[in-house]
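Written out below as structure tokens is the structure these notes cover.
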Amino acid sequence: MRRPGDLLLSPWALVSVAIILINDYVLKDAFGNTMTGKLSDIAGVFLFPLLLLSVLEVPRRSLVGRAAIAWSIAVTGIGFAAVKMVAPVGDTYEWVIGFLRWAAAGLRGNLLPILVVRDTSDLWVLPILLASYLVIRGARAPKTAPEHEKISPALHPM
């Protein structure tokens, strides 16, 4: 995963997308409880920094550096906390996502905001950003040569 946008193709990102889709379109309708709400929050907070980095990388056609990685983690954490704790931010988020859903549906139906349950206990999901960072760092780690291709310094003195 060393090309721009590859973070979204990592198994972890694909599992997060699957969790969001299954949870939002199946589990919430069937159960609609605290657990389904937290599950969406965890998957979304984990996935968002990977999405932000990919949005930055793909148009540039190059990988971003450490500052952009830190920025993506910080924006996700601060933005999530603001949506959950600051009413005008949460209201705006509800309408923006509602608009995006309406636009994705071809501008059909009514333009309605989504419902965000504002619960400060949702902030407990923020440590998942550490997992996002570890996935990003792991995907950007330099590739090492297999053991059989490594050169022993004892055999080749300098």
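What is the percent carbon and sulfur in the accessible area of the chain, measuring with a 1.4 Å probe over the protein chains and ignoring ligands? Please report the intermediate quantities before stating the final value.
On the way: 7370 of 10590 Å².
Carbon plus sulfur share of accessible area: 70 percent.
Projecting the Cα atoms of A70, G32, I42 onto the charge dipole of the stretch 26-96 (Cβ charges, centred on the Cα centre) puts A70 farthest toward the positive pole.
I'd like to compare 122-131, 57-66: which one has the highest average count of other Cβ atoms within 10 Å, and what's the full order after that?
Values: 122-131: 16.1, 57-66: 12.8.
Result, highest mean Cβ count within 10 Å first: 122-131, 57-66.
Surface analysis of the stretch 1-148 yields an accessible area of 64 Å² per residue, using protein heavy atoms and a 1.4 Å probe.
Would you mind working out the magnitude of the charge dipole of the chain relative to its Cα centre, with +1 at each Lys and Arg C-beta and -1 at each Asp and Glu C-beta, to the nearest 20 Debye? Write out the running numbers ahead of the final one.
On the way: 15 positive and 11 negative charges, 102 e Å.
I would put it at about 500 debye.
The chymotrypsin sites (Phe, Trp or Tyr not before Pro) of the stretch 1-79 that meet both conditions, a loop assignment by DSSP and at most 14 other Cβ atoms within 10 Å of the site Cβ, are F31.
Multiplying the residue separation of R66 and F31 by 0.36 nm and subtracting their alpha-carbon distance yields 8.6 nm. Here, the stretch 33-86 has an Rg and a Dmax of 13.1, 42 Å when only alpha carbons are counted.
Helix 11-22 and the long axis of the chain differ in direction by around 10°, with both axes built from C-alpha atoms.
Taking R0 as 41 Å, what FRET efficiency do you get between W95 and R137 from their Cβ-Cβ distance, rounded to the nearest 0.05? Could you put the intermediate results ahead of the total?
Numbers: r = 35 Å, r/R0 = 0.85.
E(calc), rounded to 0.05, equals 0.70.
Distance from the Cα centroid of the stretch 15-87 to that of the stretch 105-127 is 12 Å (rounded to whole angstrom). Counting 0.36 nm for each residue step from L115 to R3 and taking away their Cα separation leaves a gain of 36.7 nm. Sorted largest first, the spans of the alpha carbon positions of the chain along the three principal axes are 72, 32, 29 Å. What's the angle, to the nearest 10 degrees (0 to 90), between helix 87-104's Cα axis and the longest principal axis of the chain? Between helix and principal axis, roughly 80 degrees.
The values are calculated or read from the model by the stated rules, or taken from the named source; none is laboratory data. All figures in this text were calculated on a predicted structure; none of them were measured in a lab. Quick reminder, even Gly has a Cβ in these numbers, built from the backbone with ideal geometry, and neighbours come from all protein chains shown. Just so you know, the surface numbers come from the protein's heavy atoms only, side chains and all, with ligands and any DNA or RNA stripped out. Shrake-Rupley method; radii C 1.70, N 1.55, O 1.52, S 1.80 Å.
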